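Chemist: Supplied in structure tokens, the structure appears directly below.
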Amino acid sequence: MTASAGAKAPLSSQPWVAYVLPYVLFLVLTEVGGLFEPLGPLLAYPVKLVACTAALVWFARKLGFPELRGGYRWALLPLDVGVGLAVFAVWIAPESIDFLKIRESSLDPHAASAQWFAPLLAVRLAGAVLLVPVMEELFMRSFLPRFLDMPQGGDWRGQPIGKFTLYSFLWTVVLFGAVHHRWAVGLAAGVIYNAYLAWRRSLLPVIVAHAVTNLALGIYVIRTELWTFW
């Protein structure tokens with residue numbers, strides 16, 4: 001065995017790392033940034049964008065993400081957009097009901113100096129639209145359901161994308177709600193995304209729908225300055 005082959009073996013035998021590490025890194029950096037308000041959440045996002053994107057690219061080159069290489073059905077793009085906009089509508093609808101939220105987001109772009117206001121908003125929007133849907137869907141709806149449904153002694157990669165089981169459906173919905181400030185709408189969004197995945201049996205449409213949701217929410221936040229949504 002060559003030295004290079006030996007170096008690749010541990011990673012190849014633990015492919016779950018490619019799905020879990022970028023997502024966990026994102027969550028950890030979010031929590032660390034929140035410790036240093038008001039600038040911490042602002043400054044943490046460029047770090048998250050660079051670090052998590054670099055991790056995804058590195059893992060993609062080493063292991064690849066097969067679920068991202070399938071052909072995308074452009075004819076169904078309006079449907080994906082519609083699902084994304086539906087989740088956006090659900091996300092902002094119950095804003096006035098306090099018990100549906102764990103806590104408020106501490107993001108406040110005005111905490112930065114005026115010359116950094118627009119660049120920081122651009123970074124935040126780019127991360128929400130380009131990074132988060134890919135990273136989160138790889139973990140939440142590609143890896144996690146297949147891992148939860150894996151037969152004893154089996155390989156989770158052998159499970160088909162979008163296979164419905166009540167067990168994995170509920171657990172991924174609960175976790176999706178738990179990692180968002182707005183737990184109730186997080187649960188609702190998780191149900192919609194999971195159901196859409198089960199219907200389409202492909203991850204790319206869900207990633208597109210998620211990106212549309214985040215783009216619509218980002219535009220809404222910037223126009224209304226309701227920063228607590230971010």
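The values are calculated or read from the model by the stated rules, or taken from the named source; none is laboratory data. A quick note: this is a predicted structure, and the numbers were derived from the prediction, not measured. Glycine also receives a Cβ, built like all others from the backbone with ideal geometry; neighbour counts cover every protein chain displayed.
Chemist: Could you grab the pairs with beta carbons closer than 8 Å, sequence gap of 6+ or different chains, first residue in the stretch 1-30 and within 30 Å of residue 180 (Cα to Cα) and part of a helix (DSSP H, G or I), second one at pLDDT 95 or above and acidic (Asp, Glu)?
Modeler: Close Cβ pairs (under 8 Å, with a partner that is at pLDDT 95 or above and acidic (Asp, Glu)) amount to 23/136.
Chemist: Which condition breaks for residue 155 when tested against (1) at pLDDT 95 or above; (2) over 20 Å from residue 182 (Cβ atoms)?
Modeler: Going through the list (1) at pLDDT 95 or above; (2) over 20 Å from residue 182 (Cβ atoms), residue 155 breaks only (1).
Chemist: Kindly indicate which of 141, 157, 201 is in contact (Cβ under 8 Å) with a residue 40 or more places away in the chain and touching a Leu at 6+ places or on another chain (Cβ under 8 Å).
Modeler: 141
Chemist: Here is a further query. Looking only at the stretch 169-221, count every residue that is surrounded by fewer than 21 Cβ atoms within 10 Å (Cβ to Cβ) and either acidic (Asp, Glu) or not in a helix (DSSP H, G or I) (or both) and tell me the total.
Modeler: 5
Chemist: Ok, one more. Determine which single condition residue 136 fails, assuming it passes every other condition in (1) at pLDDT 90 or above; (2) surrounded by fewer than 16 Cβ atoms within 10 Å (Cβ to Cβ); (3) acidic (Asp, Glu).
Modeler: Every listed condition holds for residue 136 apart from (2).
Okay, residues lined up against (1) among the aromatic types (Phe, Trp, Tyr); (2) within 29 Å of residue 159 (Cβ to Cβ):
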position: 19; (1), (2): yes, yes
position: 27; (1), (2): no, yes
position: 32; (1), (2): no, no
position: 37; (1), (2): no, no
position: 57; (1), (2): no, yes
position: 61; (1), (2): no, yes
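Chemist: Ok, one more. So in the stretch 61-93, with the set limited to residues that are part of a loop (DSSP other than H, G, I, E, B) and charged (D, E, K, R), which one is surrounded by the most Cβ atoms within 10 Å (Cβ to Cβ)?
Modeler: That would be 73.
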